[in-house]
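Quick notes on the structure that follows.
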Amino acid sequence: NNKEAGTMSFSTAAAAARTLRTGARAALVNETTVLSSLVGQYQPPPQKSQGSSSTQTRSMTVLSKQSAEEYKKLNFTERANRTGRPVSPHLTIYSFPIGALTSIMNRVTGCILSFGAAGLGAVELVGGSGSALDLMSTIGSQGGIVTAGAKFAVAFPVVYHYVGGVRHLMWDRMPDYLTNEDVDRASYALAGSSLLLSLGLVVV
């Protein structure tokens, strides 16, 4: 009985193995068929000539006249102009505080001094040694009004920029004075003292 049972178990296992091999062979055939079908459907891209560009081209979108008019109506700037509400208010509607004006003037005087020094240096380089001194002597000999205007044009940027620098140094050392009221007072003092000192240098 045991021998017969062992023979039957071996036969059952062999049959199962044959069934598995048959299923695997069928699956392999199906996969091969699918791959062959895909390969048959594949079409390689056309070969580009040597002179053709590598970038892809596409048709350009052309707006009709009606579409262009509609686009203009959707333009934000045109809508703002039509309603009287600009995108951003212009600088002329703002009332600048004295602190902002004196700060801007400090930068303007710095640029004036830079261009003035560069101009005198260029005169000296082009005209030779003593050319800048001769130029200033010529300006000084043109009469009182021209001389006073030239002296003020040089004195005010120097004095204002220097006093403005002192003001900023004081603010760096005493930041407690950086309040709205103190900044306004310091700004008025800067403008007034620079004007008086510049006029004094003109008279000297």
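The values are calculated or read from the model by the stated rules, or taken from the named source; none is laboratory data. The shown structure was predicted, so the numbers you read here are calculated from the model rather than taken from an experiment. Neighbour counts are summed over all protein chains in view; Cβ atoms, including those assigned to glycine, are modelled from backbone coordinates with ideal geometry. Only protein heavy atoms, including side chains, enter the accessible area calculation; ligands, DNA and RNA are left aside. Shrake-Rupley method; radii C 1.70, N 1.55, O 1.52, S 1.80 Å.
Listing for the model above:
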| read-out | value |
| --- | --- |
| Packing rank of 103-109, 133-139, where each peptide gets the mean count of other beta carbons within 10 Å, highest leading | 103-109, 133-139 |
| FRET efficiency, residue 132 to residue 199 (Cβ-Cβ, R0 25 Å, nearest 0.05) | 0.50 |
| The stretch 91-130 - accessible surface per residue (Å², probe 1.4 Å) | 69 |
